[in-house]
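Q: Before anything else, here's the structure in question.
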Amino acid sequence: MPKLKTKSGAKKRFKLTATGKIKAGVAGKRHRLLSHNAKYIRQNRGTKVMTASDTKIIKIFLPYGLG
C-alpha cells in the first residue's frame, strides 16, 4: 500500500492539541474590520477549536497527523 500524501494547505493551517482536537485561526480578521463591532474583533482573536464535523474532514487531509 503506498503512502498517503498530506494536503499541504491543511498542514499550514491547522495544529493538533495534546488531546487530538484540531485548532485553527479564526476567519474574518484580515481586512474590512471597520464594518465589524469591537466585540466581534475581540472574540475572534487567537485560535478556535474546530467542531467535530470539521475535524473529521481535516483528519482525512492529515493521514499521519502533524508530527
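The values are calculated or read from the model by the stated rules, or taken from the named source; none is laboratory data. Values in this document were obtained by computation on a predicted structure and should not be read as measured data. Neighbour counts are summed over all protein chains in view; Cβ atoms, including those assigned to glycine, are modelled from backbone coordinates with ideal geometry. Just the protein is used for accessible areas: all its heavy atoms, side chains included, with ligands, DNA and RNA removed. Shrake-Rupley method; radii C 1.70, N 1.55, O 1.52, S 1.80 Å.
Q: Within the stretch 26-36, restricting attention to residues that are in a loop (DSSP other than H, G, I, E, B) and surrounded by 10 or more Cβ atoms within 10 Å (Cβ to Cβ), which residue is nearest to the chain's Cα centre (by Cα)?
A: Out of the qualifying residues, it is V26.
Q: Inside the stretch 43-52, can you point out the residues that are outside any loop (DSSP other than H, G, I, E, B) and in contact with a Lys or Arg (Cβ under 8 Å, 6 or more places away or on another chain)?
A: T47, K48, V49
Q: Quick one: in the stretch 56-67, of everything that is in a helix (DSSP H, G or I) and touching a residue at least 24 places away in the same chain (Cβ under 8 Å), which residue is least open to solvent (accessible area, probe 1.4 Å)?
A: By that ranking, first place goes to I58.
Residues checked against (1) open to solvent by less than 80 Å² (accessible area, probe 1.4 Å); (2) in contact (Cβ under 8 Å) with a residue 12 or more places away in the chain; (3) outside any helix (DSSP H, G or I):
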| residue | (1), (2), (3) |
| --- | --- |
| K3 | no, no, yes |
| K12 | no, no, no |
| A18 | no, no, yes |
| I41 | yes, yes, no |
| D54 | yes, yes, no |
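Q: Taking K23 as the residue in question, decide whether it is within 11 Å of the chain's Cα centre (by Cα), in a strand (DSSP E or B) and surrounded by 11 or more Cβ atoms within 10 Å (Cβ to Cβ).
A: It is true that K23 is within 11 Å of the chain's Cα centre (by Cα), in a strand (DSSP E or B) and surrounded by 11 or more Cβ atoms within 10 Å (Cβ to Cβ).
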